[in-house]
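A quick write-up on the structure given underneath.
Please treat every number below as a calculation from the coordinates, not as lab data. In this text, all values refer to a predicted model and were calculated from it rather than measured experimentally. Here the Cβ positions follow ideal geometry from the backbone for every residue, glycine too, while neighbour counts run over all protein chains shown.
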Amino acid sequence: MHGQMQNKQKFELFLSLCNAEWSSHEVSVHALRSLHQRKFNKPLVLPVAEDVKILHSHLDEKAKECVEALACTPTVSSWSIPIAAISVL
């Protein structure tokens, strides 16, 4: 019972703090500013040209294999591979 009273008091204190701070927009302004700064300061990581080249050659190779497989046996499974490769792009 004593623990419930403490929790209730903590909750009421928290509510009063939220009402006091959020009503004056102090917390929300600082939080929004912090979010914008994090977004702005986040480095943009681009793939290395060599990695793009490797991916492109791999996709070309798979495309050739798929065309050959579809020419020999046009089945559902032979169609699933090129569809998966296209979805990567």
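Data table
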quantity	calculated
Ser80/Lys53 FRET efficiency (R0 30 Å; Cβ-Cβ; nearest 0.05)	0.70
Proximal lysines relative to Lys39, as straight alpha-carbon distance under 30 Å, when same-chain residues fewer than 8 apart are discounted	Lys53
Rounded, prolate or oblate (a/c below 1.5 giving rounded, otherwise prolate when a/b exceeds b/c) for the range 49-88 by Cα gyration tensor	oblate
